[in-house]
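Heads up: the structure comes next, in structure tokens.
FYI, it's all coordinate maths here, none of it is from the lab. Just so we're clear, the structure is a prediction, and the values are computed from it rather than from any experiment. Glycine also receives a Cβ, built like all others from the backbone with ideal geometry; neighbour counts cover every protein chain displayed.
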């Protein structure tokens, strides 16, 4: 069970669409604010929003959800996450980044609370992480 799955199972969280909206709101007001850091790579809300917007074009064209776009955007902004080569480890790391962003009070400001299904998200993250990791190493 990944970090995100465990956290979701324990309490309601914001949905992915709310995360996308929260990131957009922060990026509009303070684009240089740090969204997350992986090793020495810092990603601002402006960079994360641009990556999510770009990935949404790709994922929508493939019939995929916003969850896939967010995961792909995180992997794009922090390519060192793909270094491990282990999809489970990558999924856990992406989950940790997403939880960090979700915990930001500015992201949660004004969002609707709801319970998010656990199994679907876990499978989506692992599949996308595996694909992104494979493409980066090729």
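Observations on the structure shown:
- Separation of the residue 41 and residue 17 label points, Cα + 7 Å toward Cβ, nm: 3.0
- Prolate/oblate/rounded call for region 34-100, Cα gyration tensor, a/c under 1.5 rounded: oblate
- Ascending count of other beta-carbon atoms within 10 Å, so fewest first, for 28, 92: 28, 92
- Inter-label distance, residue 89 to residue 58: 2.3 nm, where each label sits 7 Å from its Cα along the C-beta direction.
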